[in-house]
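The values are calculated or read from the model by the stated rules, or taken from the named source; none is laboratory data. Remember, predicted model here, so these are calculated numbers, not experimental data. Here the Cβ positions follow ideal geometry from the backbone for every residue, glycine too, while neighbour counts run over all protein chains shown. To get the accessible areas, we keep the full protein, side chains included, count just its heavy atoms, and leave off ligands, DNA and RNA. Shrake-Rupley method; radii C 1.70, N 1.55, O 1.52, S 1.80 Å.
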Amino acid sequence: MYKNLFYIFVGFSFIFGLSSCEDKPKNSRTDTYSSGSITFAADESFNPIINDEIEVFESIYKDAHLTPIYTDEIEAVNLLLSDSIYLAVTSRDFSKTEYDNLKARGFMPRAIPLARDGLALIINNSNNDSCISVKDVKRVLGGEVTKWSELFPGSKRGDIVVCFDNKQSSTVHFCVDSLLDGKPINSPNITAVKTSKEVIDYVEDTPNAIGIIGSNWLNDRGDTTNVTFNKNIRVMSVSRLDSATYMNSFKPYQYYLYNGRYPLVRTVYALLNDPRNGLPWGFAQFMGSYKGQLIIKRSGMLPYIAGTNYIDVKVNKQ
């Protein structure tokens, strides 16, 4: 009798063990919508806003721990496609090929628009030639214009040096795809550093440089109205018209991103492939929520969904 009871006990233990193993995620993930630890990727140009979002999210959800990998946009998407991560913050949506690839492998690809970001052109503080047209930006990037005097007759600044954060960044892709219609950047005086902060440092020290960075790097953090830019550099005004003047050119303030007057605007997305709807999904949803959008508003970018109201005011000069 004892022998039979022993076999019955072992049998139940074996079945229970199999059942427990089947209940565990195959990849050993234990994170939930608001707890656990994950690593995700983000384009380096969004570093300031992502850090702010993480700080607030972790202060609300004490059991959540988020580790960002700041890299270029190509690497971020590649990590997502290779199943190394389940969330990437980029300035583009999935391509159809990428979406179909993930769907065929049983994932749940989803793109959540988070913000509008202005692509800012910055110059040295000593440079007063601060108005430029989209047409001239294209000419500079395409190599048709190489000297400041070709844009501003009489300028003594010599060659125009264009500085990007890195060769594979989302700013480079925006310039190639949206400004040059897919043609490569052909300026003879291009330099690439590693981060957006290094672009600012380079422009501070280089009187003939134009730096190209995301507008969320520009704001003076002490100004909650988002109308004061970094005082160590000058931000160029950009015009849609062929001839740029102070009257028809605009800087990447939130209001000009909102009403379309600033022409160099990109959309920021949270790209997800999380089949479990765990912490990657929870954090992406938070960034798109009212609280997350308010954080984006304070960063200088334009919230995609909520949290910003604008009023046109007419001033009577009489």
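Please list 58-68, 86-96 highest first by mean number of surrounding beta-carbon atoms within 10 Å per residue.
The peptides rank, most packed first, as 86-96, 58-68.
Spatial offset of segment 35-64 relative to segment 246-307 amounts to 15 Å, using the alpha carbon center of each.
Carbon-plus-sulfur accessible fraction, segment 38-119 (probe radius 1.4 Å, protein heavy atoms only): 49%.
Amide H to amide H distances under 5 Å link L114 with V268, Y269, A270, where only residues 5 or more positions off or on other chains count and H is placed in the peptide plane.
Across segment 198-211, computed HN-Hα scalar couplings (Karplus, 6.51 cos²θ - 1.76 cosθ + 1.60, θ = phi - 60°) run 5, 5, 4, 4, 5, 5, 4, 9, 10, x, 9, 9, 10, x Hz from first to last residue, x flagging Gly and Pro. Averaged per residue, segment 172-278 has 48 square angstrom of accessible surface, using a 1.4 angstrom probe with ligands and nucleic acids left out.
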